[in-house]
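One structure is given below, encoded as structure tokens.
Bear in mind these aren't lab numbers, they're just calculated from the coordinates by the rules spelled out. Note that the structure is predicted; figures quoted are calculated from it, not measured. Ideal geometry is used to build each Cβ from the backbone, glycine not excepted, and the neighbour counts take in all protein chains shown.
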Amino acid sequence: MARLLIVDDEEDVREFAANFFRKRKIEVITASGGEEALDILDKQRMDLILLDIMMKGIDGIETLQRIRQKDKDVKVIMVTGKKPEENDSYQVCNQLGVTGYIHKPLELDELERIVLKEIR
């Protein structure tokens, strides 16, 4: 079974996405922030990580940098409320080898298409 880690400091977003993928027979683990996500990754291997860019504590960019120190190959999709031209985090994320982006508010069609493509 594929394993998906959803990292978002908004509980409703996290649970909404988690329930959506559990119904599709994907094992989902959630983390409320970067530190928790890194702790989880110390203990288990994931097939895909959905990582929010804007979070309290360590943000998605720093979390991504620290994920890459542990695992260069895990697929990471960044979740963002901004458009690419609105900030330079895209450049940093691309240099760190992200698989793609999903925009908030989450649209189920886009979420399903992008995640299932990467996880199967």
Under the rule of at least 5 residues apart or a separate chain, name every residue whose amide H is placed under 5 Å from the amide H of Ala2.
Glu27
Using 1/(1 + (r/R0)^6) with R0 = 35 angstrom and r between the beta carbons of Lys43 and Asp109, what's the FRET efficiency to the nearest 0.05?
0.60
Going by how many other Cβ atoms sit within 10 Å of their own, how do Arg66, Arg14 line up, fewest first?
Arg66, Arg14
List the residues, sorted by chain then number, that are 5 or more residues from Ile102 or on another chain and whose placed amide H is less than 5 Å from its amide H.
Met78, Val79, Thr80
By the scheme Lys and Arg +1, Asp and Glu -1, what is the net charge of all other residues having a beta-carbon under 10 Å from that of Phe21?
+2
Give me Leu51, Leu106, Leu5 sorted ascending by neighbouring Cβ count inside 10 Å, so fewest comes first.
Leu106, Leu5, Leu51
Can you put Met54, Met46, Met78, Met1 in order of Cβ neighbours within 10 angstrom, beginning with the fewest?
Met1, Met54, Met46, Met78
Listed pairs Lys56/Lys117; Lys56/Lys82; Lys56/Lys83 exceeding 24 Å between Cα atoms
Lys56/Lys117
With each label point set 7 Å from Cα along the Cα-Cβ vector, what nm distance links Asp73 and Gln91?
3.1 nm
First select every other residue whose beta carbon is under 12 angstrom from the beta carbon of Glu35; then total the charges, Lys and Arg +1, Asp and Glu -1.
-4
Rounded, prolate or oblate (a/c below 1.5 giving rounded, otherwise prolate when a/b exceeds b/c) for the chain by Cα gyration tensor
rounded
